[in-house]
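Inspection log for the structure reproduced underneath, given as structure tokens.
The values are calculated or read from the model by the stated rules, or taken from the named source; none is laboratory data. None of the values given here were measured: they were computed from a predicted structure. Cβ sites come from the backbone with ideal geometry, for glycine too, and all protein chains shown count toward neighbours.
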Amino acid sequence: MEKNNNKKAITTTMAIALVVALVVGLVLGYLASMLMAPTAPGVTTTVVSTLEKTVTVGAPTVERLIIGVTDKVTDIDPSNAYDFFTWEVLSNTMEGLMKYVPGTTELEYGIARSHTIEENGLVYIFKLKPGLRFADGTPATAEDVVRSIKRVMEINGDPAWLVTDFVEDVVALDSETVKFKLTVPVSYFLALLATPPYFPIHPTYKPKEIDSDQTAGGLGPYRIVKWTRDVELILEANPYYYGGAPKVKQIIVRFFKDATSMRLELEAGRIDIAWRTLLPTDIKDLKAKPNLKTLECPGGFIRYIVINTRIKPFDNKLIRQALAAALNRKAICERVFLGLTEPLYSMVPIGMWSHIDAFKEKYGEHNTDLAKNLLKQAGYSETNKLKIELWYTPTHYGDTEADVALLVKEAWEETGMIEVDIKSAEWTTYVDQSRKGIMGISLFGWYPDYIDPDDYTTAFVNASWLGYAYANAELSKILKDASVLPTVEERTPLYERAQRIWAEDAAIIPMFQGKLVIVSKPNVDGIYLDPTMLLRYWLFFFTG
Amino acid sequence: MVSLKIYVATRALLTIPTIIILLTIVFIVMRILPGDPVTAIVGMKAPPEQIQELKRELGLIDDLGNPIPLYIQYFNYFSGIIKGDFGKSLIWGKRPVIVEILEHFPATIELSIMGFIVSLLIGLISGVYSAHKYSSWIDSTIRVYGIISYALFIPWIGMLFQMLFGVQLKILPVAGRIDPGMEPQQITGLFLLDSIITSNMPSFISSLKHLILPSITLGIVLSGIFTRLTRGAMLEVLSQDFITAAKARGLPNRKILLHALKNAFIPILTMMGLQFALLLTGAILTETTFSWPGIGTFLMERINYRDYTTVQGTVVFFAIIISLVSLIVDLIYAYIDPRIRY
């Protein structure tokens, strides 16, 4: 009798388990279909032109706009802030002598109204706009500009080199005039002035030490009214901003721990903009939703392969050229990033003046035959394969990094003459190994410090952080010459030549360039994306 | 009574070596993990001089650039802890670790308490009912629930709730602790409590709404063990003679079940203490899923930055809290069951 009871209980339990599993499966399937499936044929993707110059602002004033990010604000003090999102916040709450025209890489005056260059580019003199005031009404003068820049030099925090490497001295000639004396002429000095280490800050900042949580701000269109680290940042229009009041009075930045919850909050209508960084799969889904608007443009972030020319057999140019020829950039962009990155054939990114597709000109795309020929010339064959170790880090460039390494391996091994052994190391170990120059081939990425071809080239030649992997005397000379010439017209041919030398040497091979993607409610307008990778909150407005 | 005091004293003293062992393990593990905090903090572009300067500042090398031996670093840190100094964070403002912990801990406690209440309510009610309906389809259903809920993965069930109640029905928030700009005046750091104390009803409603999904997610995942434990303990008690006698006397079912639950409560109480540690672990996953600004996500982030002092401080803090809870549970246990203290 008891045995029968047990049997009955087991049967009942199994039946119920089956029913529960079915119900859970159905519910899950339904929810997944609701979330993933395109709900309508209309795709509302807008590609923002990086050449767009006109900034149209119109529409009724709306009190509040909420932006979601998975980034964080680190040190909010410009003397030590050195990450893109913190720079974005600083660019909305402070302003320097120069700034970028939204949607472009062109510079315009910020708090300056004019400038002159003297002594063959060694001296820059700026006149400030009249009547500048900080967000609490305190008047701002040339002395504040000088005090702030000298403070950065004295504190010597992470981004201080953007000042100390170039500026010998800075003085206030009167309350509206600032004079810079440079160590050497620098053609991109105006671009440097648009970075946060040059932003004037409120007098309440601690004079000689990093003031990480200080929210007094500077001369930007917004002021910080509340900041709860990793939770929210509330900005309100600065009533004393020289450029007038922004259309949206209050901006709230919400910090998310992961991209999925940010995406869901956008879909639930609880945030107006989902900014950095949505997952590629989520972006693909969101693009298909008619009640959301997606904007994208090439970003300033690039990825590349470093080949250490000081390690055998990579001192042989033929091998490096073969690797450059065999690389399948399109496969990486399509298969790993679902089209949210673009193949890159130069270290100077797409959209920046002087960019040419130097590697494509020389090697084509995924040119396995050329790679085979080059490898044969270097003495390798199907039976005598080139054996290489390819290094990547799983802890810095996202979950997709292992797939990137795998596709690089796949493309190289397609030649039949290369055998790739993939190795990985945690980020800090990886950087340490790079500095010591012990990795033959490794994957890296680059965020720009300032928007100029110099930042994408000079930093990689004879670089200590890359274990001095690449050196070329002719290239170094060209880059040095280009860095002091005053005009873009004069500099462009030099950078074009530099990119061709780069492709010929193939010691650092560009792979792809990241796209900036932002998804918003359809009624949010005034969003300008460009290679500076900074959102200008003061341009936002609602349409109806 | 004297024996209870001795028990309390012994039990309290035992927590000290536990914390020291834990502290030592964390100290060693953080240092044998690949990667150093300096690179994690300054990134790859930093010049060598800046790296050396930061290492000196962090007490990893001396003024001459020689590495400071690990045992000296350990004793420096340990003597600080004894003085109640958890040290300063290595990153972003280098704030005192204890301040950072106290900023994040209330969020975790609030979530943990609510999750615990949900798990206990579900566990006790379903366990008692399952025992009451022994061998029926209801019993089988609850048993299946006990197994499934125990095996559920928090981010998965959390996302399911987010999609259903947040995106589809739009009745509950998907992430965060409270609506922007609605934080109540900070008194305890527990938003529900603070909004009651300050009579701030909009804050109370907002924080309660934000708590519902994470605490139900956490509660469901942890409730399975209580369901199974309560059912087993209840079945054992319900088969005893005094229950048969109670039934014979015609006591109503509800009273009999309550009476039986009191007797079945000792193993449940023990499990409650053990579950508290699990609750904090579960809270880390729940916090990530729901972007809850608690100590779990804070700890994970600081591990990534190799922020030694903050990680050590947080783990020691966790250890102290768990030891205290465990001590309280043991004391209650000893109080309820006199056999324990002899």
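Kindly provide the set of residues from the range A:453-481 that are within 13 Å of chain B (Cβ to nearest Cβ), in a loop (DSSP other than H, G, I, E, B) and without any contact (Cβ under 8 Å) to a residue 40 or more places away in the chain, ordered by number.
Once the filter is applied, which keeps residues that are within 13 Å of chain B (Cβ to nearest Cβ), in a loop (DSSP other than H, G, I, E, B) and without any contact (Cβ under 8 Å) to a residue 40 or more places away in the chain, the range A:453-481 yields only A:Ala463.
When the residues of the range A:71-88 are filtered to those that are facing chain B (nearest Cβ under 9 Å) and hydroxyl-bearing (Ser, Thr, Tyr), which remaining residue is surrounded by the fewest Cβ atoms within 10 Å (Cβ to Cβ)?
A:Thr74
Considering only the range B:268-278, I want to know if a residue exists there that is touching a residue at least 40 places away in the same chain (Cβ under 8 Å) and farther than 22 Å from B:Val128 by Cα.
yes
Name, by its number, the condition in (1) within 14 Å of chain A (Cβ to nearest Cβ); (2) more than 20 Å from B:Gly282 (Cβ to Cβ) that does not hold for B:Tyr129.
B:Tyr129 satisfies all of (1) within 14 Å of chain A (Cβ to nearest Cβ); (2) more than 20 Å from B:Gly282 (Cβ to Cβ) except (1).
Tell me the residue from A:His396, A:His366, A:His355 that is under 30 Å from A:Thr429 (Cβ atoms) and not charged (D, E, K, R), please. Let's see the steps before the verdict.
Details: A:His366 fails: under 30 Å from A:Thr429 (Cβ atoms); A:His355 fails: under 30 Å from A:Thr429 (Cβ atoms).
Selected residue: A:His396, the only one of A:His396, A:His366, A:His355 that is under 30 Å from A:Thr429 (Cβ atoms) and not charged (D, E, K, R).
In the range A:227-259, which residue that is free of Cβ contacts under 8 Å to residues at least 24 places away in the same chain and within 25 Å of B:Met300 (Cα to Cα) is nearest to the other protein chains (Cβ to nearest Cβ)?
Once the filter is applied, the top-ranked residue is A:Glu232.
Can you tell me which residue in the range A:260-280 is surrounded by the fewest Cβ atoms within 10 Å (Cβ to Cβ), limited to those that are at the interface with another protein chain (Cβ under 7 Å from one of its Cβ atoms) and of a type in the set (Ser, Thr, Tyr)?
Across the range A:260-280, the extreme among qualifying residues is A:Thr260.
Going through the range B:175-193 one residue at a time, which ones are within 14 Å of chain A (Cβ to nearest Cβ), surrounded by 15 or more Cβ atoms within 10 Å (Cβ to Cβ) and touching a Ser or Thr at 6+ places or on another chain (Cβ under 6 Å)?
Listed by number, the residues that qualify are B:Ala175, B:Gly176, B:Ile178, B:Asp179, B:Met182, B:Pro184, B:Phe191.
Residues in the range A:115-127: is at least one touching a Lys or Arg at 6+ places or on another chain (Cβ under 8 Å) and in a loop (DSSP other than H, G, I, E, B)?
Yes, some residue in the range A:115-127 is touching a Lys or Arg at 6+ places or on another chain (Cβ under 8 Å) and in a loop (DSSP other than H, G, I, E, B).
Identify, by number, the condition in (1) exposed (fewer than 15 other Cβ atoms within 10 Å of the Cβ); (2) touching a Lys or Arg at 6+ places or on another chain (Cβ under 7 Å); (3) within 25 Å of B:Gly93 (Cα to Cα) that A:Glu108 doesn't meet.
If we test A:Glu108 against (1) exposed (fewer than 15 other Cβ atoms within 10 Å of the Cβ); (2) touching a Lys or Arg at 6+ places or on another chain (Cβ under 7 Å); (3) within 25 Å of B:Gly93 (Cα to Cα), just (3) comes out false.
For the range B:43-135, which fully contained helices (runs of 4 or more DSSP H) count at least 2 residues that are crowded, with 20+ Cβ neighbours inside 10 Å and among the acidic types (Asp, Glu)? Can you show your working first?
On the way: elements: B:48-57, B:70-82, B:97-132.
Hits in the range B:43-135: B:97-132.
Can you spot a residue in the range A:151-174 that is surrounded by 19 or more Cβ atoms within 10 Å (Cβ to Cβ) and assigned to a strand (DSSP E or B)?
So far as the range A:151-174 goes, yes, one or more of its residues are surrounded by 19 or more Cβ atoms within 10 Å (Cβ to Cβ) and assigned to a strand (DSSP E or B).
Exactly one condition in (1) in contact (Cβ under 8 Å) with a residue 12 or more places away in the chain; (2) closer than 25 Å to A:Tyr468 by Cβ is false for A:Asp315; which is it?
(1)
Here is a list of conditions, (1) among the charged types (D, E, K, R); (2) farther than 30 Å from A:Ala378 by Cβ; (3) crowded, with 18+ Cβ neighbours inside 10 Å, and A:Lys284 meets all of them except one; can you say which number that is?
Evaluating A:Lys284 over (1) among the charged types (D, E, K, R); (2) farther than 30 Å from A:Ala378 by Cβ; (3) crowded, with 18+ Cβ neighbours inside 10 Å leaves (3) as the failure.
Return the pair list, or none, for Cβ contacts closer than 9 Å from residues in the range B:93-117 that are free of Cβ contacts under 8 Å to residues at least 60 places away in the same chain and of a type in the set (Lys, Arg) to residues that are buried (at least 16 other Cβ atoms within 10 Å of the Cβ) and outside any helix (DSSP H, G or I), at least 6 apart or on different chains.
Here the result reads B:Lys94/A:Ile210; B:Lys94/A:Ser212; B:Lys94/B:Lys88; B:Arg95/A:Ser212; B:Arg95/B:Lys88; B:Arg95/B:Ser89, each pair linking the range B:93-117 to a residue that is buried (at least 16 other Cβ atoms within 10 Å of the Cβ) and outside any helix (DSSP H, G or I).
Which is modelled with pLDDT under 90 and surrounded by 21 or more Cβ atoms within 10 Å (Cβ to Cβ), of B:Leu222, B:Leu211? Before the answer, list the steps.
Numbers: B:Leu211 fails: modelled with pLDDT under 90.
Among B:Leu222, B:Leu211, only B:Leu222 is modelled with pLDDT under 90 and surrounded by 21 or more Cβ atoms within 10 Å (Cβ to Cβ).
Here are some conditions: (1) out of contact with any strand residue (DSSP E or B) (no Cβ under 9 Å at 6 or more places or on another chain); (2) at pLDDT 95 or above; (3) surrounded by fewer than 17 Cβ atoms within 10 Å (Cβ to Cβ); (4) not polar (S, T, N, Q). A:Lys206 meets all but one. Which one does it not meet?
Here A:Lys206 meets the rest and fails (2).
Being in contact with an Asp or Glu (Cβ under 6 Å, 6 or more places away or on another chain) and either part of a helix (DSSP H, G or I) or without any contact (Cβ under 8 Å) to a residue 60 or more places away in the chain (or both): is that true of A:Arg263 here?
Numbers: in contact with an Asp or Glu (Cβ under 6 Å, 6 or more places away or on another chain): yes; either part of a helix (DSSP H, G or I) or without any contact (Cβ under 8 Å) to a residue 60 or more places away in the chain (or both): yes.
Against the criterion (in contact with an Asp or Glu (Cβ under 6 Å, 6 or more places away or on another chain) and either part of a helix (DSSP H, G or I) or without any contact (Cβ under 8 Å) to a residue 60 or more places away in the chain (or both)), A:Arg263 qualifies.
Looking at B:Leu120, is it closer than 17 Å to B:Arg228 by Cβ, away from chain A (no Cβ under 12 Å) and not β-branched (Val, Ile, Thr)? Give the derivation first.
Values: closer than 17 Å to B:Arg228 by Cβ: yes; away from chain A (no Cβ under 12 Å): yes; not β-branched (Val, Ile, Thr): yes.
Against the criterion (closer than 17 Å to B:Arg228 by Cβ, away from chain A (no Cβ under 12 Å) and not β-branched (Val, Ile, Thr)), B:Leu120 qualifies.
Are any residues in the range A:390-405 buried (at least 17 other Cβ atoms within 10 Å of the Cβ), more than 18 Å from the chain's Cα centre (by Cα) and over 12 Å from A:Gly445 (Cβ atoms), and if so, which ones?
Across the range A:390-405, the qualifying residues are A:Leu390, A:Trp391, A:Ala405.
Against the condition modelled with pLDDT of 95 or more and surrounded by 15 or more Cβ atoms within 10 Å (Cβ to Cβ), how does A:Arg133 come out, does it pass?
Judged against the criteria, A:Arg133 is a match.
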